[in-house]
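*Asks:* Please find one structure pasted underneath; my questions will follow.
Derivation of every value follows stated rules applied to the coordinates shown; laboratory data play no part. Computed from a predicted model, the values in this text were never measured in an experiment. No Cβ is skipped: glycine too gets one built from the backbone with ideal geometry, and neighbour counts run over all protein chains shown.
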Amino acid sequence: MEEKKLITGGEFLVKETSPDDIFIPEELDEEQRMIGESCKDFLETEVFPVVDRIDAQEEGLMRSLLEKSGELGLLGITIPEEYDGFGQNFITAMYSSEVLGAGYSYAVAYSCHTGIGTLPILYYGNEEQRAKYVSKLATGELIGAYCLTEPGAGSDANSGTTKAVLSEDGKHYIVNGAKMWITNAGFADVFTVFAKIDNDRVLSAFILERDYEGITFNPEEKKLGIKGSSTRQVFFNDVKVPVENMLGKRGEGFRIALNILHMGRIKLGANVIGSAKKAIDQSVQYANERKQFNCLISQFGAIKHKLAEQVIQTFATECSVYRASKALDNAITHSVANGDDKGRDTMEAFNQFAVEAAAMKVFGSEALDYVVDEGVQIHGGMGYSAEMFIDKGYRDSRINRIFEGTNEINRLLLVDSVLKKGAKKVLPVMELAEKAFEEVKAMNGIPAPAEGWIEEKDQYVANQKKVVLMLLKAASEKFNRTLVTEQEILSNISDCIIQVYVAESVVLRLKKMEAMKGEEACKIYRDMADVFVYDAAARIAKFARDATYSFAYGEVRDLLEKGINNFTWVAGVNVKEARRRIADQLIDENKYCF
Ligand SMILES: Cc1cc2nc3c(=O)[nH]c(=O)nc-3n(C[C@H](O)[C@H](O)[C@H](O)COP(=O)(O)OP(=O)(O)OC[C@H]3O[C@@H](n4cnc5c(N)ncnc54)[C@H](O)[C@@H]3O)c2cc1C
């Protein structure tokens, strides 16, 4: 049998994806669902009843919750069995991150520990380092943290000044410096610390243990949200770190940091789905109880609009996150099978999907912000009260646009990654853009819509990609090397790319669902896709126009404008009725049921 070609990162822009190549939550198997149930039970029995105590940072509580999670196996879901984990695949990791994502500050502590706190050692550690730390991290005997950010080095993480100097006897690195905003710092045992050796221009990575002499901590930061999550500054004052605790090679730290962040970003996309579903449950349950003008507020059209849009944004995030997870899972399997270093090969797969990871981080965090913001609004004055949990969701959501790389940085990184793949001919960006320009030149008005609901959606998405490609080519040719300084334009293009990816993911899920369950059973999902694709087209047109009028003149501008008009056109949708149908189903079920 001919080997199926793997999807590569960013490829969605230049190729059609088959529904066979994506994963949808309807395909979760029994084992995955059981793991999800265990995560849900844990939140319901151990976390939600003590949320106020967690937020008050009761001494020892978060640590004991992490330890309990470890005893139940929740910290080792994807850790290989040889290190006392369950060796599950990436999709399972994403599903458990989704379910646990509803757990407020606990979710942050959990994600930090299982992601940035554990994976640098699992993937970049040598045999001795893995043997010493990974099993204990998987069982919760040890808790991990990740120290990259410094007071003077945030987004520009490689500019950190924490230093490591080899001791005279060559047995230790002496580490000096300060790290800031370190999650789990209050109780973590093991810290992956990034520092520069001597006068190196790039970072190296080290494993530090809490009880090494010379490590001190500031008190807990007072924060806007995720108040129960431990966040502290960490100081290193002549800390003696055994030379065998260097992670990876000298100078490899920045690559380790970035690859771990790609993984963190896509997992953040999964986390926000859990938070969003919880906020939707709270919103609809309140709307189904609260009466005004002798009527349940859930019966008002304005409230139905909000409820439906909360659902659509969450559903769209879910479609995209699981699609990307499957592509990543395949890439990891392939990379590991063909390489000789399982850890590094896994992380290189994440690096390949930097575009999708950044897109999920940006789209997911902004979708959740929408969901919780409208959740507060649906609660009216009670939304502003600390009596209801929705205020916590609102405050906790905000961090997602800041950590794991701010959304500004992720937007820039996303488009930069596409441009680099284009320049290296990994993706035929310029060639297809040229074709799109030729097509526009020959066009006489808006293309006739394809026959059939699915075919029409496919056509819209394929056309929207042409707008993106045209913009990439026109902007690259206009600015050449100075394009990096045109951040507004790059961010516009990035937003177009994100919308295209998500819109296509929604359509792909529909195709797969309808093949599984039949069209009739998926009617409500067609409503979601109708609204999302219709809105995405308008958003893409706006971002593309903003970019076009910021740099293009003459014939190029005329062609871009014609391309935007023709390629972002979509047929009208009765969005009011579609949203009402979605809201009515949610209102009937009184919980997220899609
Ligand atoms: C609660 C919390 C937990 C955290 N946990 C950890 C952790 O466990 N480990 C860790 O290492 N770090 C952690 N961080 C740090 C986090 O990753 C950084 O805050 C984040 O990367 C942004 O850095 P900064 O705060 O220095 O902001 P800055 O980099 O100063 O950014 C300020 C603003 O400028 C923008 N900006 C910066 N550079 C550019 C640019 N080139 N182009 C355009 N805009 C730009 C940013 O997008 C932002 O809007 C955490 C932060 C918080 C708040």
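*Asks:* Within 10 Å of each residue's Cβ, count the other Cβ atoms and sort Lys136, Lys223 from fewest upward.
*Replies:* So the residues, fewest neighbours to most, are Lys223, Lys136.
*Asks:* Distance cut-off 24 Å, Cα to Cα: go down the list Lys15/Lys523; Lys361/Lys425; Lys132/Lys267; Lys473/Lys542 and report the pairs above it.
*Replies:* Lys15/Lys523; Lys361/Lys425; Lys132/Lys267
*Asks:* Could you pull the Rg and Dmax for segment 338-441, using just the Cα atoms, both in Å?
*Replies:* Computed over the Cα atoms of segment 338-441, radius of gyration and Dmax are 20.2, 60 Å.
*Asks:* If each residue's Cβ is checked for other Cβ atoms within 10 Å, how do Asp527, Asp329, Asp169 rank with the fewest at the top?
*Replies:* Ascending Cβ contact count within 10 Å gives the list Asp169, Asp329, Asp527.
*Asks:* With a cap of 14 neighbouring Cβ atoms within 10 Å, and only residues DSSP puts in a loop, list the GluC sites (Glu not before Pro) found in segment 59-165.
*Replies:* Passing both the DSSP loop test and the Cβ count: Glu59.
*Asks:* Something else now. I'd like the GluC sites (Glu not before Pro) in segment 375-468 restricted to DSSP loop residues with at most 15 other Cβ atoms within 10 Å, sorted by number.
*Replies:* Filter output for segment 375-468: Glu387, Glu451.
*Asks:* Do any trypsin sites (Lys or Arg not before Pro) in segment 393-425 lie in a DSSP loop with no more than 14 other beta carbon atoms within 10 Å, and if so, which?
*Replies:* Passing both the DSSP loop test and the Cβ count: Lys424, Lys425.
*Asks:* Now for a different question. Treat the count of other C-beta atoms within 10 Å as a stand-in for reagent exposure and order Thr8, Thr161 from fewest to most.
*Replies:* Fewest-to-most ranking of Thr8, Thr161: Thr161, Thr8.
*Asks:* Sticking with this structure for a sec: Summarise the long-distance tail of P(r) for the chain by giving the % of C-alpha pairs beyond 42 Å.
*Replies:* 23
*Asks:* How big is segment 227-357 on each of its three principal axes, counting only the C-alpha atoms and giving the largest first in Å?
*Replies:* In descending order, the Cα extents are 72, 42, 17 Å.
*Asks:* Quick one: which residues, 5 or more positions from Glu150 or on another chain, have an amide H under 5 Å from its amide H? H modelled 1.01 Å from N in the peptide plane, none for Pro or chain starts.
*Replies:* Met180
*Asks:* Nearest 10 degrees is fine. How inclined is helix 523-551 to the longest principal axis of the chain, computing both from alpha carbons?
*Replies:* So the inclination is approximately 80 degrees.
*Asks:* Can you give the angle from 0 to 90° between the axis of helix 453-479 and the longest principal axis of the chain, with both taken from C-alpha atoms, to the nearest 10?
*Replies:* Between the helix axis and the principal axis of the chain, the angle is about 70 degrees.
*Asks:* Evaluate the Debye formula for segment 91-204 with equal point scatterers sitting on the alpha carbons, no solvent, and hand back log10 of I(q)/I(0) at q = 0.11, 0.23 Å⁻¹, in q order, two decimals.
*Replies:* -0.42, -1.33
*Asks:* Over the Cα atoms, compute the radius of gyration (one decimal) and Dmax (the largest Cα-Cα distance, rounded to a whole number) for segment 428-589, in Å.
*Replies:* 17.3, 55
*Asks:* Taking amide hydrogens as modeled 1.01 Å from N in the peptide plane, which residues meet the under 5 Å criterion relative to Ile197, leaving out close sequence neighbours?
*Replies:* Excluding prolines and chain starts, which carry no amide H, the hits are Ala164, Ser204.
*Asks:* Another question, if that's okay. How far, in degrees from 0 to 90, does helix 30-42 lean away from the longest principal axis of the Cα atoms of the chain, to the nearest 10?
*Replies:* Compared with the principal axis, the helix lies near 70 degrees.
*Asks:* Over segment 11-143, what number does the Rg to Rh ratio reach, with both radii from the alpha-carbon atoms and Rh per Kirkwood?
*Replies:* Checking Rg against Rh, the ratio lands at 1.03.
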